[in-house]
Number of protein chains: 2
Amino acid sequence: MKSKRQQIKDHAARLFRKRGYKATNMRDLAEAVGVKAASLYNHISNKEELLQELLMDMARLFTESMANVQASSLGPVEKLERLIADYVRYTVEHTDAISLLTGEWVHLDEKPKQEFLSLRDNYEDGFRQILNDCLATGHFNKIDVDIALFSTLSTLRWLYSWYSKHREINLLELETQITKMLIDGLRK
Amino acid sequence: MKSKRQQIKDHAARLFRKRGYKATNMRDLAEAVGVKAASLYNHISNKEELLQELLMDMARLFTESMANVQASSLGPVEKLERLIADYVRYTVEHTDAISLLTGEWVHLDEKPKQEFLSLRDNYEDGFRQILNDCLATGHFNKIDVDIALFSTLSTLRWLYSWYSKHREINLLELETQITKMLIDGLRK
DNA sequence: ACGTTTAACTAACAATCGTTAGTTTTGCAC
DNA sequence: GTGCAAAACTAACGATTGTTAGTTAAACGT
């Protein structure tokens, strides 16, 4: 059974996603958990800690994913496929928390915000590197690597919203489709 | 010279984007405009009206774009190209307001929220229709139209954030690259 | 120059928020 | 059953918020 702290974090993720961090108050969060507001503070130290942990938990997941891929001996395209597959899986498994990555980090205090953005930048750099290796194989269209990176990450970052309306889809099928979409593109 | 009301809306867009709607207070907005908070109410009726108008102004732009494309006699691929070109142009011309489309609409009251989402759904439906026509020409990979739609719109919706870090790029060049990226995809 | 409208200001309100203090209840070790 | 720690509760605080009332200054047509 999940710890009370984790239950609070789960409900927080759902509410932060639905109404935004700033518009979510501790009394509503408490009600969702089934408790009075003051009782939350037996398990957490403050509101921002919740956002901080939710974001950092996810950021660490992506950092791990990147480290594993980079340490592997796969070819560049297989590496790209692995990154995409991880992203899709994280999205399916942590839809609410993942959704916070897009916009809610602006509400972090300066220090944790920089920490978060730093991890995010590292991930992007790793992604760019691998994408660059892919383009260099000659099996891809000549396209600006920054544009390709941005477009790919955009699709992945929005996936949570699409997935929320298509929960019935199979994880593997989703991975396949997204990979095909991103790597093969539209035109024959 | 811009009306005071428009100046307020411009500053609101910038602040709403930077800190989020809920985290932006009327005193800070007033200071940005160069006025005391109470003075804002000589030009606007309340805070939410600002968000509402900013979002609706953009939504109307997209509705127009779609109507024009649909009324044209272009082929499906040209229609798609036109939609993409419009989106890119709007992003460059109204970067701050466009950025609000992604997440800040959740803070609208129920009625304007439904109105906004309705326009958004109509746009998506129009886009899906045209994308479907494209796929039917046989010059594209066989791919789920919902996935293709989602991926395409994701890229366009995130464009503002990429553009903000690459302001030096030429509008036409950006249009070309994005179109190429989205329509040709990565692989030869 | 004068009167009127427009828009600025000061001050303060009512509501809401995150959080703390102090107290009571719960649940488990023995 | 008793004692103790964990976690719930009530009540209230100080700060911040959007907004209004009432007043003064600026701008403009005549």
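Numbers for the structure displayed
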quantity: Only listed residue being within 16 Å of DNA strand C (Cβ to nearest atom), within 14 Å of chain A (Cβ to nearest Cβ), in contact with a helix residue (DSSP H, G or I) (Cβ under 9 Å, 6 or more places away or on another chain) and at pLDDT 95 or above, chosen from B:Lys36, B:Lys22, B:Lys18, B:Lys9; calculated: B:Lys22
quantity: Filter result for the condition that a residue is without any contact (Cβ under 8 Å) to a residue 24 or more places away in the chain, within 15 Å of DNA strand C (Cβ to nearest atom), buried (at least 20 other Cβ atoms within 10 Å of the Cβ) and more than 14 Å from chain B (Cβ to nearest Cβ), over A:Leu29, A:Leu54; calculated: A:Leu29
quantity: Residue check for A:Ala59: within 13 Å of DNA strand D (Cβ to nearest atom) and either at positive phi or outside any loop (DSSP other than H, G, I, E, B) (or both); calculated: no
quantity: Test: residue in segment B:98-105 that is in a helix (DSSP H, G or I), more than 13 Å from chain A (Cβ to nearest Cβ) and either surrounded by fewer than 17 Cβ atoms within 10 Å (Cβ to Cβ) or out of contact with any strand residue (DSSP E or B) (no Cβ under 6 Å at 6 or more places or on another chain) (or both); calculated: yes
quantity: B:Glu48 vs. criteria in a helix (DSSP H, G or I), away from DNA strand C (no atom under 13 Å from the Cβ) and within 14 Å of chain A (Cβ to nearest Cβ); calculated: yes
quantity: Residues of segment B:160-188 satisfying the condition of being facing chain A (nearest Cβ under 8 Å) and part of a helix (DSSP H, G or I); calculated: B:Trp162, B:Gln177, B:Ile178, B:Lys180, B:Met181, B:Leu182, B:Ile183, B:Asp184
quantity: Scope segment A:39-51; condition in contact with a helix residue (DSSP H, G or I) (Cβ under 8 Å, 6 or more places away or on another chain) and of a type in the set (Gly, Ala, Ser); matching residues; calculated: A:Ser39
quantity: Check on B:Glu49, more than 28 Å from B:Val88 (Cβ to Cβ), exposed (fewer than 14 other Cβ atoms within 10 Å of the Cβ) and not hydrophobic (A, V, I, L, M, F, W, C); calculated: yes
quantity: Residue tally, condition buried (at least 17 other Cβ atoms within 10 Å of the Cβ) and within 10 Å of chain A (Cβ to nearest Cβ), over segment B:130-143; calculated: 5
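The values are calculated or read from the model by the stated rules, or taken from the named source; none is laboratory data. Quick caveat, the model's predicted, so the values are computed rather than measured. Note that we place each Cβ from the backbone using ideal geometry, even for glycine, and neighbour counts take in every protein chain shown.
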